[in-house]
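S.K.: Below are the structure tokens for one structure; questions will follow.
The values are calculated or read from the model by the stated rules, or taken from the named source; none is laboratory data. This is a predicted model, so every value here is computed, not measured. Cβ placement follows ideal geometry from the backbone for every residue including glycine, while neighbour counts extend to all protein chains displayed. For the accessible areas, the whole protein counts, side chains as well, though only heavy atoms, and no ligand, DNA or RNA atoms are used. Shrake-Rupley method; radii C 1.70, N 1.55, O 1.52, S 1.80 Å.
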Amino acid sequence: MTLHLLRMREVAARIAYSESKVYAMIRDGDFPRGRKMPMGGVRWSSEVVEAWIRKTYAESEEASL
């Protein structure tokens, strides 16, 4: 399985929030922090983002209907 790393722009698009909303969620502890890369920049594993989406959806009221 290949590790796929996402930039903030891709993370925001994947979860359908603005980049500023994602940064606020990270600051508030509601979204996982990315990993700093050795050559600069921050990336998120697509697996971590997908796990967050599944967990958040499962916790929503609509999921229990």
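S.K.: Can you pull the percent of the chain's accessible area that's carbon plus sulfur, 1.4 Å probe, other chains left in place?
M.R.: Within the chain, the accessible surface is 53 percent carbon and sulfur.
S.K.: Which loop-located GluC sites (Glu not before Pro) does the stretch 31-65 contain, where loop means any DSSP state but H, G, I, E or B and the Cβ has at most 10 other Cβ atoms within 10 Å?
M.R.: GLU61
S.K.: Mind checking the dipole of the chain: about its Cα centre, +1 per Lys or Arg Cβ, -1 per Asp or Glu Cβ, Debye to the nearest 20?
M.R.: Around 440 debye, computed over the chain.
S.K.: Restricting things to Cα coordinates, could you compute the convex hull volume per residue of the stretch 1-41 in Å³? Mind dumping the intermediate values first?
M.R.: Values: hull volume 3.8 nm³, N = 41.
Dividing the Cα hull volume of the stretch 1-41 by its residue count gives 92 Å³.
S.K.: In Å², and per residue, what accessible area does the chain have when probed at 1.4 Å with the other protein chains present?
M.R.: On a per-residue basis, 79 Å².
S.K.: Full-extension gain between GLU47 and ARG35, please, as 0.36 nm times their residue separation minus the C-alpha to C-alpha distance.
M.R.: The GLU47-ARG35 span can extend by a further 3.0 nm.
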